[in-house]
Amino acid sequence: TREDYVRTGTYYAAVIENRADFLGRVVVDVGAGSGILSLFAAQAGAKHVYAVEASEMAEYARRLIAGNPSLGQRITVVKGKVEEVELPEKADILISEPMGTLLVNERMLESYVIARDRFLVPNGKMLPTMGRIHMAPFSDEYLFVEIANKALFWQQQNYYGVDLTPLYGSAFQGYFSQPVVDAFDPRLLVAPAIFHPIDFTSVKEEDLYEIEIPLSFIASVGSRVHGLACWFDVLFNGS
């Protein structure tokens, strides 16, 4: 997809532009998937890359890496969980794509942090280095109506002889308690955003189990607030 293309291109730039961090270094790719980041690290001159992948994707990574032998000779695919696998040496640098929905969903960050504690040399580098969750209230009448309309089904008093209205309130609540995962127009925001940083180099695994973000906003315009818009970015602090 276009999103994958943009994200992979960003990773490629982050690795190649920080070539000095990879040259002659040992790299661990955490949750390597297809192995594409491992191949980028090899392109940047890594001495050796360990591509750790727990799922069946490890087999596809092996095939992709074998099909690029000039790079693949410096890459070892290790099938298993980062919590369990053993590697023959420590890593100078970790790379990963650990971001789930709103950064922390899918619990991939924990694996990245565990890999840091198990495999990274002291003061080793992590790319990405830090994530930020941004939040701001938004006003979107169209989205509100679209979601409210989903609950209209439960306003029927004679649905094949059954009155559905006793469940209308619960249905309304249910639809509005689901997050909408989509792009949005920044012009819908009604107050400056706040952000919550997560430093991957120092955060503890248990800090990720429950994240509290105190919210305080000063609206820049007078309008009805329909919800909280959330997004994230990650920073690559290389040389």
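Only the coordinates and a few stated rules stand behind these numbers; no lab work does. Predicted model, so just to flag it, every value in this text is computed and none were measured. Every residue, glycine as well, gets a Cβ built from its backbone with ideal geometry; the counts of neighbours run over all protein chains shown.
Chymotrypsin sites (Phe, Trp or Tyr not before Pro) within region 99-196: which are DSSP loop residues with at most 16 other Cβ atoms inside 10 Å? Sites meeting the loop and neighbour criteria: 160, 184.
Across the chain, the relative contact order, built from alpha-carbon pairs under 8 Å that are at least six residues apart, equals 20 percent.
Rounded to the nearest 20, the size of the Cβ-charge dipole of region 1-88 about its Cα centre is 320 debye, with Lys and Arg at +1 and Asp and Glu at -1. The lysines whose alpha-carbon is closer than 27 Å to the alpha-carbon of residue 79, local same-chain residues fewer than 8 away aside, are 47, 90, 125, 204. Magnitude of the charge dipole for region 154-239, about its Cα centre and with charges confined to Cβ atoms of Lys, Arg (+1) and Asp, Glu (-1), is about 460 debye.
Charged side chains reduced to their Cβ positions (Lys and Arg at +1, Asp and Glu at -1) give the chain a dipole of some 660 debye around its Cα centre. Tell me which of 94, 133, 176 sits at the most positive position along the dipole axis of the chain, charges placed on C-beta atoms (Lys, Arg +1; Asp, Glu -1). Highest projection toward the positive end goes to 94. Since only 31, 197, 144 are under comparison, the one whose Cα sits farthest along the positive direction of the charge dipole of the chain, derived from C-beta charges on Lys, Arg, Asp and Glu, is 31. Treating each Cα of region 2-129 as an identical point scatterer and summing with the Debye formula, the log10 of I(q)/I(0) at q = 0.18, 0.21, 0.22 Å⁻¹ comes to -0.93, -1.31, -1.45. Computed log10 I(q)/I(0) for region 78-119 at 0.15, 0.17, 0.23, 0.24 Å⁻¹: -0.38, -0.48, -0.81, -0.86, from the Debye equation with unit scatterers placed on every C-alpha and solvent omitted. Only beta bridges with both residues in region 1-117 are counted; by DSSP, about 5 percent of them are antiparallel. Amide H contacts for residue 229 (H built 1.01 Å from N in the peptide plane; partners 5 or more residues away or on another chain; cut-off under 5 Å): 136, 138. Helical content alone sets the calculated 222 nm signal of the chain at -8500 deg cm²/dmol, taking -39,500 (n - 2.57) per DSSP H segment of four or more residues and averaging over every residue. If you average the alpha carbon positions of region 160-216 and of region 77-116, how far apart do those two centres end up, in angstrom? The two parts, judged by their Cα centres, are 26 Å apart.
Shape descriptor for region 133-235: Rg over Rh equals 1.11 (Cα atoms; Rh from the Kirkwood inverse mean 1/r). For the chain, the Kirkwood hydrodynamic radius from C-alpha pairs, put into Stokes-Einstein at 4 °C and a viscosity of 1.567 mPa s, yields a diffusion coefficient of 63 µm² per second.
Going by a ≥ b ≥ c, the root eigenvalues of the Cα gyration tensor, does region 65-174 fall in the rounded group (a/c under 1.5), the prolate group (a/b larger than b/c) or the oblate group? In terms of gyration-tensor shape, prolate. The DSSP beta bridges internal to the chain are antiparallel in roughly 50% of cases.
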